[in-house]
Structures are given as C-alpha cells and as structure tokens.
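Accompanying notes for the structure given below.
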Amino acid sequence: MESNQVIEQTKSKLSAAFAHLQDELVKLRTGRANPTILDKLMVKAYGVEMPLNQLANVTAPEVQLIQITPYDVGNIQSIAQAVREDQNLGLNPVDDGVVIRLSIPPLTTERRQLIAKQLSDISEKCMIAMRNGRHEGLRDLEIEKKSKNITEDDFSSISKQIDSFMGEYKVKIEQLISEKQKEVMTV
C-alpha cells in the first residue's frame, strides 16, 4: 500500500465518522418540528417494511408541527401506527383521513438535559471512531516504514498530515455539538 493510499483511506474513515455524527444529530428531537426525525421510520405497507419517505411527503408547515401526506391514503393507518409505536419519537399522530399531523411538544428541562448528555455520548463515539481510523492509518504507515517503502521523514510528515486532518475534524465536531446544544437548550 502506498502512502497516498494510506492518507486517502484515513481521510475517508474520518469523513465517514463525521457524516455518521451528522446523521445522528439530525435524528435528535430538539422541540422544533424537523421532518428528518422521521427519515429512519419504517412502515409496514403493501406487505413489506418500507421507509416512510417512499410512502408519504413529510413537511414542517409550522415550528411545532410535522405534516405527513401519504401518496396513497390507504396507507394512512399504517403510517400512524408506525409513528405511534416508535418509542424514540414519543409522538402521538392525529389523522383526518387525508393527512397525519404530529404536534411536537416543547421539551421539558429534564429532557433537554438528557438530550445534551446524549450529544456528549454521540460526539465521544464519533471521536473514538476517528481515533480508530487514525490508528489504523498510522499502523499501515508503520508497516510501510518497516518494509522500507517510505523513509522515516516521509513517515513523520504523513503522520503529521493525518494528525492535522484529525485536528480539523475535532474542531468541526466541537462546533457542531456546540450549535446543537444551543439549539436544544433554547426554550
């Protein structure tokens, strides 16, 4: 494996961990209507489990309201049931036979603190994944150095480059978590 491949693989692992963090943050409920909290919701329709976004249009017409408009009104009960059964959402759907409305209740102080704690846990998991990616990259570099494919100077230079990528992502993570915590704690 060449040193350029090691760099690209490490970059890719760091980027994937950061993308996963962003996906996890989108799923957190912050007291504001955000249609993306339903992205992973699976609904039993037509005899199979399907993602909600294949069965309905999901919008947030108001700050405290999510509206689900099924493409086929025959699926309205299945969608409402899937929302009701998802314990992570904790939402009670109301349907009028045409659309489903989800009222997003304001978060309690305890719930805000719990979400802030979850943010810390999620960011730490991301940092662990990134550190593992960095360690794998450095291990691959060490192998290259031992097999005399790269020099000690190249090893040092590439190691610093990998640490630089890690530092950049760490700053991005801290900034993202800080913004999300402000959003969660804002009443």
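We did not get these values from a lab; they are worked out from the coordinates using the rules stated. Treat the numbers as computed from the prediction; the structure is a model and nothing was measured. Neighbour counts are summed over all protein chains in view; Cβ atoms, including those assigned to glycine, are modelled from backbone coordinates with ideal geometry.
Could I get the Rg over Rh figure for the stretch 59-152? Both from C-alpha atoms, Rh via Kirkwood, rounded to two places. Computed over Cα atoms, the ratio is 1.34.
Give the relative contact order (percent, whole number) for the chain; include only Cα pairs under 8 Å separated by 6+ residues. Present the calculation step by step, with values, prior to reporting the outcome.
Values: 221 pairs, mean separation 49.4, N = 187.
With pairs under 8 Å counted, the relative contact order is 26 percent.
Only one of (i) 134; (ii) 166; (iii) 107 was calculated from the structure for volume of the Cα convex hull per residue in Å³, and its label is (i).
Against the chain, whose longest principal axis comes from its Cα atoms, helix 76-85 is set at around 60 degrees.
Three principal axis extents describe the C-alpha atoms of the stretch 131-187; from largest down they are 59, 17, 8 Å.
The angle between the Cα long axis of helix 109-146 and the longest principal axis of the Cα atoms of the chain comes to about 30 degrees, rounded to the nearest 10. Using a cut-off of 12 Å between beta-carbons, work out the net charge of the residues near L41 (Lys and Arg +1, Asp and Glu -1, L41 not included). Every neighbour counted, the sum reads 0. Please give the helix 152-185 orientation as an angle from the longest Cα principal axis of the chain, in degrees from 0 to 90, rounded to the nearest 10. Long axis of 152-185 versus the principal axis of the chain: about 20 degrees.
Computed extension gain for E168 through T151, at 0.36 nm per residue and net of the alpha carbon distance, reaches 3.5 nm.
Pairs of alpha-carbon atoms within less than 8 angstrom and 6+ residues apart define the contacts here; what relative contact order does the stretch 78-187 have, in percent? List each step's numbers first, then the result.
Values: 54 pairs, mean separation 28.5, N = 110.
Relative contact order for the stretch 78-187 comes out at 26 percent.
Run the helix sum for the chain: -39,500 (n - 2.57) per DSSP H stretch of 4+ residues, divided by residue count, reported at 222 nm to the nearest 500 deg cm²/dmol.
Calculated at 222 nm, the ellipticity per residue is -20500 deg cm²/dmol.
Full extension of the chain segment joining T108 with D96 gains 1.5 nm, where the gain is 0.36 nm per residue of separation less the Cα-Cα distance.
When the listed pairs K11/K117; K125/K180; K27/K125; K13/K180; K11/K182 are checked against a 18 Å cut-off, the alpha-carbon distance exceeds it for K11/K117; K13/K180; K11/K182.
Quick check on the stretch 1-68: what are the equivalent-ellipsoid semi-axes from the Cα gyration tensor, as sqrt(5λ), descending, whole Å? Present the calculation step by step, with values, prior to reporting the outcome.
Numbers: eigenvalues 238, 65, 13 Å².
Result for the stretch 1-68: semi-axes of 35, 18, 8 Å.
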